[in-house]
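Student: Pasting in a structure now, in structure tokens, and then I'll have a few things to ask.
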Amino acid sequence: MKAAILAGGLGTRLSEVTERIPKPMVDVGGKPILWHIMKGYAAHGIKEFVLALGHKGDLIKDYFLNYRYHQSSMVVSLKSGKVTVHNSHCEDWTVHLLDTGEDAMTGGRVKKVMAYAGKEPILLTYGDGVSNVDISGLLKFHKAHAKAATVTAVRPPARFGGLQFSGDLVAKFTEKPQIGEGWVNGGFFVLEPKVAAYIDGDRTFFEREPLERLAKQGQLAAYKHEGFWQCMDTLRDLRLLEGLWDSGKAPWKTWKD
């Protein structure tokens with residue numbers, strides 16, 4: 001089964017970094033957040049990926065074209081141009097680098113990915129969020145409900161500390177509790193091929209008409225994930241993820257080194 005990752009947006013809310021590189025290539029702990037997302041899938045045996053490219057997609061292509069070299073020692077013959085690779089430690093992944101257009105919206109990118117995938121269901125997520133979601137459990141849930149699509153519902157951390165009162169006194173203070181403002185779309189979808197028919201074209205936002213219609217028709221199941229989830233929308237989010245990784249306690253690191 002293939003995992004598709006939307007990796008073509010502008011990332012305007014993180015413009016301090018995305019003026020130079022596409023958002024999925026922003027580093028967390030010395031590796032692009034895209035790599036972290038792919039490692040999470042691979043921990044559940046998903047090792048074939050379709051990356052829906054757009055804005056600065058050439059930089060993502062360059063990263064994967066040279067990935068093996070960057071992970072290895074090598075000898076280069078300057079006269080012949082021959083490169084001999086030693087001590088290569090690369091992931092056993094197949095990566096499809098699919099151009100989906102500079103200006104396509106999320107729905108347009110999803111439709112092109114699904115056309116590329118053909119008559120098979122796909123996993124789908126965004127290229128800017130990490131989670132310890134149980135991908136195997138998500139797939140089992142999707143198959144059991146037999147709906148056209150499944151979305152992972154998450155409860156993001158509250159932006160501010162939570163207070164509980166006893167009269168005029170604070171009885172309990174919780175710094176940024178994992179209760180958020182209710183359930184939200186956390187990405188990590190499973191989509192059957194029929195979902196493509198719900199998307200009109202390049203200018204369609206996947207999160208609007210397609211998902212609204214699927215929900216209205218009873219064809220959108222929700223897999224509730226109570227664990228860790230964090231998007232990387234702002235510089236503040238990036239610093240949070242970097243801090244967690246540097247602490248050695250990144251909750252989304254479900255793979256073994």
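Student: May I ask you to say which residue of Asp257, Asp246 is more than 16 Å from the chain's Cα centre (by Cα) and at pLDDT below 90?
Tutor: Numbers: Asp246 fails: at pLDDT below 90.
The conditions single out Asp257.
Student: Answer yes or no as to whether Tyr116 is among the hydroxyl-bearing types (Ser, Thr, Tyr), surrounded by 20 or more Cβ atoms within 10 Å (Cβ to Cβ) and either under 30 Å from Gln230 (Cα atoms) or modelled with pLDDT of 95 or more (or both). Working first, answer last.
Tutor: Details: among the hydroxyl-bearing types (Ser, Thr, Tyr): yes; surrounded by 20 or more Cβ atoms within 10 Å (Cβ to Cβ): no; either under 30 Å from Gln230 (Cα atoms) or modelled with pLDDT of 95 or more (or both): yes.
Taking the combined requirement at face value, the residue does not satisfy it.
Student: Tell me, which residue of region 159-199 that is in a loop (DSSP other than H, G, I, E, B), of a type in the set (Phe, Trp, Tyr) and surrounded by 10 or more Cβ atoms within 10 Å (Cβ to Cβ) is modelled with the highest pLDDT? First the steps, then the outcome.
Tutor: Step one: list which residues in region 159-199 are in a loop (DSSP other than H, G, I, E, B), which gives 159-161, 167-168, 175-179, 181, 183, 186-188, 192, 199.
When the remaining residues are screened for being of a type in the set (Phe, Trp, Tyr), the result is 160, 183, 188.
Now narrow it down to the ones that are surrounded by 10 or more Cβ atoms within 10 Å (Cβ to Cβ): 183, 188.
Numbers: Trp183: 84, Phe188: 96.
Looking at the filtered set, the residue picked out is Phe188.
Student: Which of the residues belonging to region 17-37 are within 16 Å of Leu241 (Cα to Cα) and of a type outside the set (Val, Ile, Thr)? Write out each step before concluding.
Tutor: Taking region 17-37 as the starting set, the residues that turn out to be within 16 Å of Leu241 (Cα to Cα) are 17, 23-37.
Selection gives Lys23, Pro24, Met25, Asp27, Gly29, Gly30, Lys31, Pro32, Leu34, Trp35, His36.
Student: Would you call Leu214 in contact (Cβ under 8 Å) with a residue 24 or more places away in the chain, assigned to a helix (DSSP H, G or I) and more than 15 Å from Pro32 (Cα to Cα)?
Tutor: Details: in contact (Cβ under 8 Å) with a residue 24 or more places away in the chain: yes; assigned to a helix (DSSP H, G or I): yes; more than 15 Å from Pro32 (Cα to Cα): yes.
Considered against the rule, which asks whether it is in contact (Cβ under 8 Å) with a residue 24 or more places away in the chain, assigned to a helix (DSSP H, G or I) and more than 15 Å from Pro32 (Cα to Cα), Leu214 comes out as yes.
The values are calculated or read from the model by the stated rules, or taken from the named source; none is laboratory data. Bear in mind that the values here come from a model prediction, so they are computed numbers and not experimental data. Virtual Cβ from ideal backbone geometry, glycine too; neighbours counted across all protein chains shown.
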